Amino acid sequence: MKQYYQPEIETMPREQLHALQSERLVKQIRHVWENVPYYRQKMEEKGVTPEDIHGIEDLHKLPFLSKSDLRDAYPYGLLAEPLSACVRIQSTSGTTGRRVVAFYTQHDIDLWEDCCARAIVAAGGTNQDVCQVCYGYGLFTGGPGLNGGSHKVGCLTLPMSSGNTERQLQFMTDLQATILCCTPSYAAYLGESAIEMGLRDKLHLKAGIFGAEAWTEEMRHDIEQKLGLKAYDIYGLTELSGPGVAFECEEQHGMHICEDHFIAEIIDPNTEEVLPYGQKGELVFTSITKEAFPMIRYRTRDICVLNAEPCSCGRTHIRMSKPMGRSDDMLIIRGVNVFPSQIETVLLNQGMPANYQIIVDRVNNTDTFDVEVEMPAELISDSLSEISRKEKELVGALRSMLGISANVRLVAPKSIARSEGKAVRVIDKRKLY
Ligand code: DLL
C-alpha cells in the first residue's frame with residue numbers, strides 16, 4: 001500500500017491544486033501589500049496592485065525578489081507579522097556578511113514540519129521507526145526541520161545534531177535507528193566509520209534522507225552500499241522554511257515540490273523570462289502559506305529542470321531535478337554557504353593582497369577547502385614560523401566569518417596564475433552536477 005503523510009493534499013488532482021494555489025496566492029499578495037512596505041513599494045514600482053492578481057496566471061506580473069533584497073531589508077524589513085506573533089528565527093549556514101534571517105509564526109513552523117513529515121513518510125517512515133537526525137541543530141534549518149517532521153510522523157527521534165561520529169554510531173547501533181537524516185557527505189563519512197569500527201553488521205538503517213548540498217548518483221550508491229539503506233534526496237532553503245520544500249518518493253526520479261505551499265517557476269537567469277516545464281533554468285519560488293516571512297517570486301539561484309509528468313507514486317505535485325549548479329557564485333562547502341567575496345573581505349581586512357585562489361575538492365566524500373594567498377612583500381623575509389603564524393591567523397579569521405575551517409597557504413608573490421580576463425578566484429574540482 002502506498003503511504004502518504006497528507007494523502008488528500010499530496011495526491012490532489014492538479015486542477016484542484018491550481019485552484020488552491022490561486023486562492024492562496026491572491027490572499028498572500030494582499031497580506032504582503034498590507035503588511036510589508038518593502039513589497040508594496042516593489043509592486044508599485046512595477047505598476048501592479050493586489051487587484052491585478054486573480055490567480056496563478058497573474059504570477060508573472062509580480063516583481064522578483066533576490067538575496068540582495070533580503071540583505072537590504074535585513075533584519076525586519078520583510079516581516080509580515082508583528083514580532084509578537086513570531087516564535088522563532090532560523091538562519092542560513094555560517095555566512096556572517098550575507099546572513100539571511102527567516103522568521104516563523106507557530107503556524108509557519110507547523111506547516112514546515114508537515115513538509116518534512118511528508119518527506120519522511122515518502123521514504124517509508126512510520127511511527128515504528130527510530131529516526132536519527134544528525135543535521136546541525138540551532139540556526140541551521142536541517143536539524144529543527146527534520147526533528148519536527150520526525151515527531152509528526154511519530155518516529156522515536158534521536159536529536160543528535162552533527163559531529164561526534166563515535167557517539168552517533170553508538171546510538172545508531174544501540175537504539176537500532178532505522179532512518180538517518182544528515183548531509184550526504186556526513187552519511188558517507190558515517191558509513192566509512194561504521195565499517196572501520198566493525199559496526200556495519202550492527203546497523204538497522206533502512207532509509208536515509210540526505211540534502212542541503214549537491215550530491216551525485218555515484219555518491220548515492222556509495223552511501224547505500226556502506227550503510228545498507230535506501231538514500232532519498234531532500235531539498236529546501238532557509239528563505240522558504242528549510243528542508244522539505246521538495247523531496248524524493250520511492251520512484252527517485254526528481255523531488256516532488258510541496259506545491260500547496262510553494263509555487264515553482266523556472267526562469268532564464270539573464271533575461272528573467274519564464275521558461276516552460278522541461279527547460280533548464282533558475283528556480284523561483286513563491287510561498288503562498290507563510291505568515292511571517294513570505295517570499296514572492298524569490299530567485300533561489302539554483303539551476304534545475306521541472307517535470308510535470310505524472311509520477312507512479314501517486315503524488316500529483318510536480319518534480320524538480322537535482323540542482324545542476326547555481327546562477328551566482330555561492331559555493332556550498334561541507335554544507336555551509338560560502339561566497340568568495342567573504343573570503344576576499346577577510347583577506348583584505350588582514351592586510352593581505354587580493355591575489356588569492358580558492359580550491360575546493362571532494363576527497364573520500366568530504367569537501368576540502370584550500371585558500372592560497374600571495375604573500376605581501378614584507379613577509380617574504382620573515383622566518384618560517386612567522387609565516388605559519390600568519391597562516392594560522394588567517395585560518396581563524398576565515399573560520400569566524402564562514403563558520404568552517406580552510407587550509408590557508410601563503411605562497412610566493414606572483415605565483416598564482418594571472419588571467420587575461422576575469423581573475424579565476426575559484427577552482428571547484430568537485431564533480432557534483
Ligand atoms: O540547506 C536546507 C536544508 C537542510 C535542505 C537539510 C535539505 C536538508 P540553506 O542553508 O539555506 O538551507 O541552503 C540552501 O542549499 O539553495 C541549494 O543551493 C542547496 N541545497 C539544499 N538542498 C539541496 C539538495 C538548507 N538536496 C541551498 N541538493 C539551496 C543540492 C541543495 N543542493
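The values are calculated or read from the model by the stated rules, or taken from the named source; none is laboratory data. Keep in mind it's a predicted model, so treat the numbers as computed, not measured. Note that we place each Cβ from the backbone using ideal geometry, even for glycine, and neighbour counts take in every protein chain shown. These accessible areas exclude ligands, DNA and RNA; they are computed on the full protein's heavy atoms, side chains included. Shrake-Rupley method; radii C 1.70, N 1.55, O 1.52, S 1.80 Å.
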Index of the failed condition, Y186 passing every other in (1) within 30 Å of R40 (Cβ to Cβ); (2) open to solvent by 20 Å² or more (accessible area, probe 1.4 Å); (3) under 18 Å from the mean Cα position of the chain (by Cα); (4) not β-branched (V, I, T): (1)
Pick out, from segment 7-93, the helices (runs of 4 or more DSSP H) lying fully within it that include 2 or more residues that are touching a Leu at 6+ places or on another chain (Cβ under 8 Å), within 16 Å of the ligand (Cβ to nearest atom) and open to solvent by less than 30 Å² (accessible area, probe 1.4 Å). 67-73
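Which one of these is in a loop (DSSP other than H, G, I, E, B) and out of contact with any strand residue (DSSP E or B) (no Cβ under 7 Å at 6 or more places or on another chain): Q128, Q170, Q176?
Details: Q170 fails: in a loop (DSSP other than H, G, I, E, B); Q176 fails: out of contact with any strand residue (DSSP E or B) (no Cβ under 7 Å at 6 or more places or on another chain).
The unique qualifying residue is Q128.
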Do you know which of the residues in segment 318-327 that are charged (D, E, K, R) and within 10 Å of the ligand (Cβ to nearest atom) is surrounded by the most Cβ atoms within 10 Å (Cβ to Cβ)? K322
Filter segment 363-387 for residues that are modelled with pLDDT under 80 and either at positive phi or surrounded by 10 or more Cβ atoms within 10 Å (Cβ to Cβ) (or both) and give the result. L379, I380, D382
Which one is surrounded by the most Cβ atoms within 10 Å (Cβ to Cβ), of the residues in segment 276-300 that are of a type in the set (D, E, K, R) and over 12 Å from E265 (Cα atoms)? K290
Exactly one condition in (1) under 20 Å from G335 (Cβ atoms); (2) not in a helix (DSSP H, G or I) is false for A187; which is it? (2)
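Taking the conditions exactly as written (within 30 Å of the chain's Cα centre (by Cα), touching a residue at least 12 places away in the same chain (Cβ under 8 Å) and either away from the ligand (no atom under 16 Å from the Cβ) or open to solvent by 50 Å² or more (accessible area, probe 1.4 Å) (or both)), does E344 satisfy them or not?
For E344, the condition - within 30 Å of the chain's Cα centre (by Cα), touching a residue at least 12 places away in the same chain (Cβ under 8 Å) and either away from the ligand (no atom under 16 Å from the Cβ) or open to solvent by 50 Å² or more (accessible area, probe 1.4 Å) (or both) - is met.
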Criterion violated by Q252 - all others in (1) in a loop (DSSP other than H, G, I, E, B); (2) at negative phi; (3) open to solvent by 20 Å² or more (accessible area, probe 1.4 Å) satisfied: (2)
Any idea which of (1) at pLDDT 95 or above; (2) touching a Pro at 6+ places or on another chain (Cβ under 8 Å); (3) near the ligand (Cβ under 6 Å from one of its atoms); (4) not polar (S, T, N, Q) is the one A214 doesn't satisfy? (1)
Would you check if there is a residue in segment 222-245 being in contact with a Ser or Thr (Cβ under 7 Å, 6 or more places away or on another chain), of a type in the set (A, V, I, L, M), open to solvent by 10 Å² or more (accessible area, probe 1.4 Å) and at pLDDT 95 or above? yes
M172 meets each of (1) closer than 19 Å to N147 by Cβ; (2) within 16 Å of the ligand (Cβ to nearest atom); (3) modelled with pLDDT of 95 or more; (4) open to solvent by less than 20 Å² (accessible area, probe 1.4 Å) with one exception, condition (2)
